[in-house]
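Enquirer: Got a structure for you, written out below as structure tokens; questions coming shortly.
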Amino acid sequence: MFNSRTKIKALLSSEQTGQEVTVMGWVRSFRNNQFIALNDGSTNNNIQVVAELGLLDDATLKRITPGASLKVVGQLIESLGKGQKVEVKAKNIEILGDCDPEKYPLQLKNRPTLEYLREKAHLRFRTNTFGAVFRVRHSLAFAVHKFFNDKGFVYLHTPIITSSDAEGAGEMFRVTTLPFDKTPRKEDGTVDFAEDFFGKSTNLTVSGQLEGELGAMAFSDIYTFGPTFRAENSNTTRHLAEFWMIEPEMAFYDIEDNMNLAEEFIKYIIKHAIEHNADDIAFLAQRLADEEKQLPQDKRSEFGLVEKLEFVLNNPFERITYTEAVDILLQSPAYKKKKFEYDVSWGIDLQSEHERYLVEKHFKKPVIVTGYPKAIKAFYMRQNDDGKTVAAMDILAPGIGEIVGGSQREERLEKLEERMREMHIPVEDLDWYLDTRRFGAVPHAGFGLGFERMVLFVTGMTNIRDVIAFARTPNNCEF
RNA sequence: GGAUAGAUAGCUCAACGGCAGAGCAAUGCCCUGUUAAGGCAUAGGUUGAAAGUUCGAAUCUUUCUUUAUCCGCCA
């Protein structure tokens, strides 16, 4: 009968005292041989359990150590001490699981670094910071489904294993059951994938978009929310080899509708997290402020985390074209003083330093850039009438960079095929995709949002490896 | 993949060519309404690895391993 317990979050907000309660959790600290700070992950706040002198024998007292798990039965009373409103006056304390203090790697008074905790990722959920991060992550994920569900979108599960390597979204992880030491070969010496599990070469998905478009051509509006894999050797604070991406795809949408939806969506999930995880976000804001005190004045953020999120909610995103962005950069003091490492001219792919200038220095808010040169964008993006640009949109966020990449899709069969040939995309391999342009094609659009980048933005964390439970990055696949 | 900066006690750091130290954690004892509880004491090290320079190396050089940050690729 473990479910007769009350969660600590509920106990702490209890209007009533005097009743007997059962509480279970892990010891955060044990002060004065009497006061146990107990946490069960329902909130960052601990309940104080009071074990009056004489209640427990010496052998049991020694086993109440940080990390140990307890079952406590006692009376919820108004606290006799100052630091908390209520506390549990214990009648009985049962140790469910011991925790050897000599071996337990989390001694929280030691202020372990985020890098250290990354190596102890299996235990770091028990810290205040990661407790808050992962409750906020949950809240954002829940809000994603609520947002789309409320709008009548169908949640489509696109495949994880794919046979198309034509999407061009990045390096792929191969999926195979062929033996490495004696791979079957064809007469010309190349690997014979006809012998492989699926009878052809297969990989982990880099995007569910193409399959998503098929769904949109029937349900009107779909979204995917699942894991995505990129085998790029990227070593940055904003790339993972395995990450979660949200990809809505909407029929009867143009690029303008697409932008409106993306902006509404981002604001909705942030608002949801603020409303449901105020404590956690306040804790993360304080953590960020404390961390920034170590930095020199000019490197500190202008706003606190909460102010930053409120600002994003209360102001429209800036919308500019790629051409305007290039003009702003060319006119900028940074450009004139030759502060940019990479040169600026119409046609370049905007570098991180350029995006950061636009977002963090010039506009100081999220920016949606549209109308990129077609040469630097994917084959499926709709060509504009100018013959030079496509109906692409990227949303750039302060501190994160590109958080959304999307476009209106090219629904005109001839234009699409022509572009595919120009970019050496094998048209025959994507025949199933082209069918959507043959049988009742409609204008449609969609975008991809990197979920972990969103979590970074809302939590104020700075390394993407700290907002996913078990990060997969080059040379690292622990747990 | 490229560049830069790191690796010293369980954790966070100091020592910058001359005996390797502090705070916290741990262990033992004391105190008992504490709030990262407090007090006294104890223990804890092949300074990431290997080679070299030197009378002497944590400190200087080389190679390797590994971590972080930035850039590229992108979400």
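Enquirer: Would you mind telling me the antiparallel percentage of the DSSP bridges in chain A, rounded to 5?
Expert: 90
Enquirer: In debye, nearest 20: dipole of region A:2-104 around its Cα centre with unit charges on the Cβ of K, R (+) and D, E (-)?
Expert: Here region A:2-104 has a charge dipole of around 260 debye.
Enquirer: Right, next: Roughly speaking, to the nearest percent, how much of chain A's 1.4 Å accessible area is carbon and sulfur?
Expert: 50
Enquirer: Rolling a 1.4 angstrom probe over the protein heavy atoms, how many square angstrom per residue are accessible across region A:2-104?
Expert: With all protein chains present, region A:2-104 gives 56 Å² per residue.
Enquirer: Now a separate question. Rounding to the nearest 20 debye, state how big the charge dipole of region A:247-361 is about its Cα centre with +1 on each Lys and Arg Cβ and -1 on each Asp and Glu Cβ.
Expert: Value, rounded to 20: 720 debye.
Enquirer: What is the calculated FRET efficiency for residue A:315 to residue A:349, with r their C-beta to C-beta distance and R₀ = 30 Å, to the nearest 0.05?
Expert: With R0 = 30 Å, the Cβ-Cβ based efficiency is 0.65.
Enquirer: Would you kindly derive the ³J(HN,Hα) couplings of region A:63-71 from the backbone phi angles with the Karplus curve 6.51 cos²θ - 1.76 cosθ + 1.60 (θ = phi - 60°), listing them in order in whole Hz, with x for Gly and Pro?
Expert: Karplus values, whole Hz, x for Gly and Pro: 8, 8, 10, x, x, 5, 9, 10, 10.
Enquirer: Which listed residue (A:25, A:77, A:10) has the Cα farthest towards the positive end of the charge dipole for region A:9-87, taking +1 on Lys and Arg C-beta and -1 on Asp and Glu C-beta about the Cα centre?
Expert: A:25
Enquirer: Could you list which residues have their amide H under 5 Å from that of residue A:321, counting only those 5 or more apart in sequence or on another chain, with H placed in the peptide plane?
Expert: Counting only residues 5 or more places away or on other chains, the set is A:370.
Enquirer: Something else: Residue by residue through region A:398-404, what is 3J(HN,Hα) from phi via Karplus (6.51 cos²θ - 1.76 cosθ + 1.60, θ = phi - 60°)? Round to whole Hz and write x for glycine and proline.
Expert: Computed from phi, the couplings for region A:398-404 are x, x, 10, x, 5, 10, 9 Hz.
Enquirer: What does the accessible area of residue A:79 come to, in Å² to the nearest 10, when a probe of 1.4 Å is used?
Expert: Accessible area of residue A:79: about 20 Å².
Enquirer: Apply the a/c threshold of 1.5 to the C-alpha gyration tensor of chain A and tell me whether it is rounded, prolate or oblate.
Expert: Cα axes put chain A in the prolate bin.
Enquirer: Same structure again: At a Förster distance of 30 Å, what's the computed FRET efficiency of residue A:414 paired with residue A:342, Cβ-Cβ distance as r, to 0.05?
Expert: Using R0 = 30 Å, I get an efficiency of 0.25.
Enquirer: Right, next: State the answer as a single residue: which of A:101, A:261, A:179 lies farthest towards the positive end of the charge dipole of chain A, with beta carbon charges of +1 for Lys and Arg and -1 for Asp and Glu, about the Cα centre.
Expert: My answer, from the dipole projection, is A:101.
Enquirer: Where nothing but the Cβ of Lys and Arg (+1) and of Asp and Glu (-1) is charged, how large is the charge dipole of chain A around its Cα centre, in debye to the nearest 20?
Expert: Magnitude of the dipole: close to 1980 debye.
Enquirer: Once you sort the root eigenvalues of the Cα gyration tensor of region A:167-302 as a ≥ b ≥ c, which label holds: rounded (a/c under 1.5), prolate (a/b larger than b/c) or oblate (the other case)?
Expert: It comes out oblate by the Cα gyration axes.
Enquirer: Could you derive backbone 3J(HN,Hα) for region A:194-204 from the dihedral phi with the Karplus parameters 6.51, -1.76 and 1.60 (θ = phi - 60°), listing whole Hz in sequence and x where the residue is Gly or Pro?
Expert: Going residue by residue, I get 4, 7, 7, 3, 8, x, 7, 6, 10, 9, 7 Hz, with x marking Gly and Pro.
Enquirer: Choose one of A:274, A:251, A:224: the residue whose Cα lies farthest towards the positive end of the charge dipole of region A:216-297 (beta-carbon charges +1 Lys, Arg; -1 Asp, Glu; about the Cα centre).
Expert: Of A:274, A:251, A:224, it is A:274.
Enquirer: For region A:153-243, rounded, prolate or oblate, judged on the Cα gyration tensor with a ≥ b ≥ c (square roots of eigenvalues), a/c < 1.5 rounded, else prolate if a/b > b/c?
Expert: oblate
Enquirer: Same structure, new question: Within region A:2-104, what is the number of lysine pairs with alpha carbons under 25 Å apart, leaving out pairs fewer than eight places apart on the same chain?
Expert: Here the count comes out as 20.
The values are calculated or read from the model by the stated rules, or taken from the named source; none is laboratory data. These figures come from a predicted structure and were not determined experimentally. Positions of Cβ are backbone-derived with ideal geometry, glycine not excepted, and every protein chain shown enters the neighbour counts. For the accessible areas, the whole protein counts, side chains as well, though only heavy atoms, and no ligand, DNA or RNA atoms are used. Shrake-Rupley method; radii C 1.70, N 1.55, O 1.52, S 1.80 Å.
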